[in-house]
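Written below as structure tokens is the structure these notes are about.
A short reminder: the numbers here are calculations on the coordinates, not readings from a lab. Model, not experiment: these values are computed from the prediction. Quick reminder, even Gly has a Cβ in these numbers, built from the backbone with ideal geometry, and neighbours come from all protein chains shown.
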Amino acid sequence: MIRTRARDAAPVGAQRARRAFVFVLPGLWVLGVVIWELWQPSSGRLLQLLAAAPAIACAGTGRRQCVLLGGLCALLVLVPFGRVEPTAGVGTRATTCGAILVVIGASYLTAGRRLRLVRELERTREVADAAQRVLLRPLPARIDGVLLAAGHLSASEGALVGGDLYEVLGTRYGVRAVIGDVRGHGLEAIGTVAAMLGSFREVAHDEPELGGVLRRLEGAHQRHLRDRARAEHPAAGGGEPVSPVAEEFVTVLLIEIARDGRVTALNCGHPWPYRIDCRGVTSAVPAEPMPPLGLFPLPDELPAVPCGQLRPGEALFLHTDGAEDARDPAGAFFPLARELRSSVEAAPGPVPSPAGVVADVREALLRHAGGRLTDDVALLMLGNDRLRVPAQVPGVRRSEPGCVDAGRPD
């Protein structure tokens, strides 16, 4: 996607100029050959170059332009230009005209096949885009009073989904979010992403504790690896095949925002989120993370880690390690915290928009990477918008500029 973004950033005027140049190129070729023949007569031998014009027209424009321009070239070859030598008769010009007609026919068939392939490729891309959006579906702007915004960049050319995953669901236990990073990147990791997201979308509504959700995710990951290993090594029969996929792991961060704003989390080898409040942007590191899923079995006890209160106007910024590990051409890492802080400080109003912050960080990452990504990147921001403070309410006190101490439900 980053390369697609770089292409989209090209000026519209330059794109139009290129399309216009491709359209008029065959005509310029014909005009140049005719002018050269008039200036330096070659008794029609130079006019043989006109056979290239139909091929250029079919490659750059379409079949209709190919036929029209080819017919014009065939007629021009039959017209004598300048001084005609005695050895250059009608036979030579007729032979050249026939060669041009053959080129027209071949170019017409080739252009038709190319158009059919282009249509098939467009349909395939539409199907692939639809399938990828079902897997990593767009998030709504708001779930149960929590504002959402997400962004994803794949290291694979043209892919919308890679080895990073995220999802946010509104449950009876609160708003639950997951963000993770599968070992590897790009299209090879999509199977594991599908298994993890499918499991989370089911168990997040059923398990009352985050520990139960994480344990179910571990089970889904193990089943996926076993099924994949059997598919790659069918000769193993019913036994457990030895395969490199058994060493694959997933970093996972589970976040739960209760209705009163309390935040709890479980972290398996994933970067902790940034906390955005009236004091600025700080890195939330409430505890040492557990190992990623797939490396070691989970412990018997999985108590959720308290991460404090998310008050109105405050937010959490989640990300995968691809954001901080992105390098510029000089090898410098992307300064995620600095860019995030700059976006929050430049946001209009006292409460930054999650969509605006994610867009700003994404744009800064694109500029920093210079159109090249070596790992997938996922960005997710959750903002508490459940409580709002009415203007000029007696008894409401602000301890710090931009901080809300109390509020009234929506």
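Amide H contacts of ALA326: PHE334, each under 5 Å away and 5 or more positions distant or on a separate chain (H built 1.01 Å from N in the peptide plane; Pro and chain starts excluded).
Here the 3J(HN,Hα) profile of region 98-103, calculated from phi with Karplus coefficients 6.51, -1.76 and 1.60 at θ = phi - 60°, is x, 4, 5, 5, 5, 4 Hz, Gly and Pro shown as x.
The phi torsions of region 253-258, fed into the Karplus equation with coefficients 6.51, -1.76 and 1.60 and a -60° offset, translate into couplings of 10, 9, 10, 10, 10, 6 Hz, rounded to whole numbers, with Gly and Pro shown as x. Each of ARG259 and GLN309 was given a label point 7 Å from its Cα along the Cα-to-Cβ line. The distance between the two points is 1.8 nm. In terms of packing, defined here as the mean over residues of other Cβ atoms within 10 angstrom, the peptides 115-121, 171-177, 333-339 line up highest first as 171-177, 333-339, 115-121. Protection proxy ranking for 219-225, 380-386, using the average of other Cβ atoms within 10 Å per residue and placing the highest first: 380-386, 219-225. Distance between the 7 Å Cα→Cβ label points at THR171 and GLU232: 3.1 nm. Net charge in the neighbourhood of PHE200 (other residues with Cβ under 9 Å of its Cβ; Lys, Arg +1, Asp, Glu -1) is +1. Amide H contacts under 5 Å for ILE143: LEU148, restricted to partners 5 or more places along the chain or on a different chain, H placed in the peptide plane at 1.01 Å from N. In order along region 170-177, the phi-based Karplus estimate (6.51 cos²θ - 1.76 cosθ + 1.60, θ = phi - 60°) of 3J(HN,Hα) comes to x, 10, 6, 9, x, 7, 10, 10 Hz; Gly and Pro are listed as x. Protection proxy ranking for 295-308, 317-330, using the average of other Cβ atoms within 10 Å per residue and placing the highest first: 317-330, 295-308. Once backbone amide H atoms are built at 1.01 Å from N, GLY308 has VAL263 as its partners under 5 Å, excluding neighbours fewer than 5 places away on the same chain. A simple count of charges around THR282, restricted to other residues whose Cβ falls under 10 Å of its Cβ and scoring Lys, Arg +1 and Asp, Glu -1, yields +2.
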